[in-house]
Amino acid sequence: MQNPTSIYIFGASTLGELAHTYLQARYTIIGFVDNDVKKHGTRFLDKPVFAPEDAINQTHIVIASHFATEISAQLRDYGFYNFSVFKAGVAKCLLDLQLPLLDLGRELSRDPEAMIFEDITFSVGGSGILDYALLKMVARRLSPKAYLEIGTWRGESIASIANIVPQCYSISLPDDAITHMDTAGKGFPTTKFSRYFSKNVKNIKHYLTDSTSFDFEKLEVRPNLVYIDGDHSFEGIATDTKNVFNYIDKDNSIVIWHDFKTKDNRYQQITINAIWSVVDKDISDNIFGVDNSMSGIYIPQALQSRFIFQPHDDTLYSYQVSMRNKPNKVD
Ligand SMILES: C[S@@+](CC[C@H](N)C(=O)[O-])C[C@H]1O[C@@H](n2cnc3c(N)ncnc32)[C@H](O)[C@@H]1O
């Protein structure tokens, strides 16, 4: 991620002031941007206030507003994407983020079996193929006694590792719940194919409930591999992350978050801010991005020697792919 040196803050009010206080030591704050025409041409904290049209395409904009979702959409409508969202109360700003990376290409080179799958639909709502490969590679490497998945839709992820992990648990909303699978508010309704690939697998136990209020003590075995891919809102990710770390043995367990990165390989601000808002430094220091995937991973220090980090920027991995499909039907 490019680190800008000069920024605008979108929001000439309380949250904007907070962002200014927090960011001014590290960035030159050119001025504020606001949708309120009455503020245009005035000054806020002794900095000029601009109309959005006058600030876009200049440099990075940090949105500091309770209407961050709407303002993000507004900037995208302008065709402007060089922005991030400031979250009050979160001690880290994404602008600073340069996480070390797990080298997925080299990992998969030494474990080709992790790239073989029975049932991947490549359909909406699932993870990317390299996210599934990451999960399978980690499961094969760690040999966990129990796996917990928060958020199972068609069941592709959990089914892909059920023959590796003896006990698999899934916590996912019941079929009649309205899901909120992504932060843009696009809900994907449950379908006839909900849990299609996981529901008849003997060692997978499904809990059809809201993970954020789930009593983890119900699990018979404490999971040491966890995939968090359920409610992708800030609060949902924060609550799932907090509950998971309160329950697992954090020195010997691995946690993977999907939607940690975007499809275009940038960090997903909401996910990362949500995680950072609930974990301590001993955990955040051991969270890594995964190159060429949408995942992030927590690997405790004791397990890090089993994995390869720091992808070489002179190597680009390509994958030999052979596909065969089959129709899946429900009554
Ligand atoms: C992106 S999909 C997961 C896909 C999954 N990895 C798979 O391969 O099947 C997210 C799932 O999380 C579920 N979900 C959303 N909010 C949830 C919550 N609060 N508790 C439990 N599940 C939730 C949704 O219903 C959806 O089934």
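The values are calculated or read from the model by the stated rules, or taken from the named source; none is laboratory data. Just so it is clear, the structure is predicted and the values come from calculations on it, not from any experiment. Backbone-built Cβ (ideal geometry, glycine too); neighbour counts: all protein chains shown.
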(request) Being in a helix (DSSP H, G or I) and more than 6 Å from the ligand (Cβ to nearest atom) is the filter; apply it to the range 151-162 and report the residue that is surrounded by the most Cβ atoms within 10 Å (Cβ to Cβ). (result) I158
(message) Just checking, does the range 223-239 include any residue being more than 14 Å from the ligand (Cβ to nearest atom), under 18 Å from A162 (Cβ atoms) and assigned to a loop (DSSP other than H, G, I, E, B)?
(response) yes
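If I filter the range 12-36 down to residues being exposed (fewer than 15 other Cβ atoms within 10 Å of the Cβ) and over 21 Å from G79 (Cα atoms), which single residue comes out as modelled with the highest pLDDT?
At the first step, the residues of the range 12-36 found to be exposed (fewer than 15 other Cβ atoms within 10 Å of the Cβ) are 14, 21, 24-26, 28, 36.
Filter again for over 21 Å from G79 (Cα atoms), leaving 14, 21, 24-26, 28.
Working: T14: 86, T21: 81, Q24: 82, A25: 73, R26: 73, T28: 91.
My answer is T28.
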(message) Let me spell it out: the conditions are (1) of a type in the set (K, R); (2) under 14 Å from L148 (Cα atoms); (3) assigned to a loop (DSSP other than H, G, I, E, B), and K205 meets all of them except one. Which number is the exception?
(response) (3)
(message) So for the range 262-274 (the condition being β-branched (V, I, T) and not assigned by TED's automatic domain parsing to the domain that holds I129), does at least one residue qualify?
(response) no
(request) Determine, yes or no, whether F188 is among the aromatic types (F, W, Y), modelled with pLDDT of 95 or more and assigned to a loop (DSSP other than H, G, I, E, B). (result) no
(message) Quick check on A73: is it part of a loop (DSSP other than H, G, I, E, B) and modelled with pLDDT under 95?
(response) no
(request) Give the range 261-289 a look and list any residue that's closer than 21 Å to P223 by Cα and surrounded by 22 or more Cβ atoms within 10 Å (Cβ to Cβ), or say none. (result) I275
(message) With the requirement that a residue be in contact with an Asp or Glu (Cβ under 9 Å, 6 or more places away or on another chain) and among the aromatic types (F, W, Y), what does the range 287-314 give you?
(response) F307, F309
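Listed residues V244, V165, V201; which is of a type in the set (V, I, T), in contact with a Pro (Cβ under 9 Å, 6 or more places away or on another chain), modelled with pLDDT of 85 or more and within 13 Å of the ligand (Cβ to nearest atom)?
Working: V165 fails: within 13 Å of the ligand (Cβ to nearest atom); V201 fails: in contact with a Pro (Cβ under 9 Å, 6 or more places away or on another chain).
Answer to the selection: V244.
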(message) Which condition from (1) at pLDDT 95 or above; (2) buried (at least 21 other Cβ atoms within 10 Å of the Cβ); (3) in contact with a helix residue (DSSP H, G or I) (Cβ under 6 Å, 6 or more places away or on another chain) is the one that R140 breaks?
(response) (2)
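It is to be established whether one or more residues within the range 301-321 are among the β-branched types (V, I, T), under 16 Å from L102 (Cβ atoms), in contact with a Gly (Cβ under 8 Å, 6 or more places away or on another chain) and in the same structural domain as W153 (by TED's automatic domain parsing).
Initially, the range 301-321 is screened for residues among the β-branched types (V, I, T), giving 308, 315, 321.
Next, from what is left, pick out any that are under 16 Å from L102 (Cβ atoms): 308, 315.
Restricting the remaining residues to those that are in contact with a Gly (Cβ under 8 Å, 6 or more places away or on another chain) gives 315.
Applying the additional criterion that residues be in the same structural domain as W153 (by TED's automatic domain parsing) yields none.
Scanning the range 301-321 turns up no residue that is among the β-branched types (V, I, T), under 16 Å from L102 (Cβ atoms), in contact with a Gly (Cβ under 8 Å, 6 or more places away or on another chain) and in the same structural domain as W153 (by TED's automatic domain parsing).
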